[in-house]
Structures are given as structure tokens and as C-alpha cells.
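Take a look at the structure set out below.
Just so it is clear, none of the values below were taken in a lab; they were calculated from the coordinates. This structure is a prediction, so every number in the text was calculated from the model and none was measured. Note that each Cβ is placed from the backbone with ideal geometry, even for glycine, and that neighbours are counted across all protein chains shown.
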Ligand code: FES
């Protein structure tokens, strides 16, 4: 869920009644995964600095108010954490419902069907019903522009960017910055108005994108997808190779 801590000092805490030891500096999310009780998540990954934006990984911590995000909360000695209470499960379903209400409902024909974290996590939190109308129509009328009508950008020769499927988890923006050291992607606006945009509202081709693919690899939906996957479907086998284009050494998936 979040990057490993390099500390050799261990911290012991209790998660859902189980005593768990994790290196100091680990997130509560990582400690929960170590304990075998993974917490639902969308914006956190093992390789990117936690951002705490999707609010799916909320937990309860004894002695603390509210429901902090487990991905951005470091473990502390003696901490008592609950990850699966009814309140948390209801909160997560509500959060997921809002995401799905602003997302196209074309899973069966989507290039990422079966390989989509949004789809997986919607199942994991037990979302069975979306009360806000199909694809955000009702939410949009209250909150302004929704994503489902945004136009796709196919200008990059290797991958497509379809903002209609974006949940603004910021993983692509962080991958561009943390993996490639570029700033080709940025987030503009807030709430339902928030959008990932290449540069100053340029096309991907006109931005400083070098087509490293780090954003595509980390995208949890079909917002950033390789064109080969759109045309040919998901590969049946994968080869991980390293690009020699620059000194960064980004790993690429190839069919
Ligand atoms: Fe923690 Fe998104 S995974 S807020």
C-alpha cells in the first residue's frame, strides 16, 4: 500500500485485535497488510509517496478523533487500530459510491475490465448500489462539471488519456514526478472540478511527457491505457524490461 520503511527499529501496535510489529516509519496501512488485513485503497501504492486523497483507507485509532487515512498515518508504539468496523465500512461504501457516480458504467467493454483497481475496490467495500443516478448525472447537476463528458486525448503514440475515467487519485502526477522526474502532468481545480491535465492544458504530445509509461503503469483505472491494450486487449503474459533511454531506468511492461 505504501513504500517500505528502511528503519531497523520496530514498533508494536494492535490492529483489529492482533499484535503487529512493523518498522518505525511504516504507515498503518502497511502494518495492516503485514498483519494480513489489507485496507481498501485507491491513491496509495507501494512505490509512490502516500498522498491521502481518496479517503478509502480510513481507520479508527483509539484516543484519536475522526477517521484518519491509514496510508498517511505512521505507526506508533501501543497504537490500537480498527480497520473493519461497521462505521468504516459504511464510510468506504459512501466514498466509493461517489467515485462510481462520476464514472462511466461501461466496465464490460472497457480496456481495463478485470484489471481495474476501481472495479476491484468497489467489490472489496461491498458497493452494490449507486444512488446518485447513472454516471453522475444527478451529482453533476449539483456539483458542476463531471468527468464523464470529458474528451479523450489520443495524441501520444503509445497510450491514451481518457479523463472521463479519471478519479483524480494523483498517482500519475506523482509517478511522473517521483519516477521520471518530470512535471508533464498536473492537477487543476478542486472537488468535482479537479482534473489531471498535461502541462498548461496542452495535449500530451505538446507537454514535456517523454512517454516513459510510469503514469500508465500506476493508473488504477482505464484513464491512462496503452493503445495496444485498447486495440488488442490485456496481454496474456508480461515481460518486464528496463528502458535505456535515460539514466532513470524505468521498468516497462511489454507483451
Ligand atoms: Fe489512503 Fe487513498 S489510500 S487516502
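Quick notes on this one:
- From most to least packed by mean Cβ count within 10 Å, the peptides 190-199, 162-171 give 162-171, 190-199.
- Separation of the residue 230 and residue 91 label points, Cα + 7 Å toward Cβ, nm: 3.8 nm
- Rounded FRET efficiency, nearest 0.05, which uses the C-beta distance separating residue 152 from residue 131 and R0 of 35 Å: 0.80
- Burial ranking of peptide ranges 119-129, 50-60 (average Cβ count within 10 Å, highest at the top): 50-60, 119-129
- Distance (nanometres) between label positions extended 7 Å along Cα→Cβ at residue 62 and residue 14: 0.4 nm
- Volume per residue for the chain equals 141 cubic angstrom (convex hull of Cα atoms).
- Cα-based helix-to-principal-axis angle, 86-101 vs the chain, degrees rounded to 10: 10 degrees
- The chain, helix-only ellipticity at 222 nm - DSSP H runs n ≥ 4, -39,500 (n - 2.57), divided by all residues, nearest 500: -5500 deg cm²/dmol
- Backbone N within the stretch 34-72 under 15 Å of label point (7 Å from residue 21 Cα along the Cβ vector): 34-35
- Pairwise label distance in nanometres, residue 49 with residue 193, each label 7 Å out on the Cα-Cβ vector: 2.7 nm
- Taking all Cα pairs closer than 8 Å and separated by 6 or more residues, the relative contact order of the chain comes to 15 percent.
- Between the beta carbons of residue 7 and residue 84, assuming R0 = 30 Å, the FRET efficiency works out to 0.65 to the nearest 0.05.
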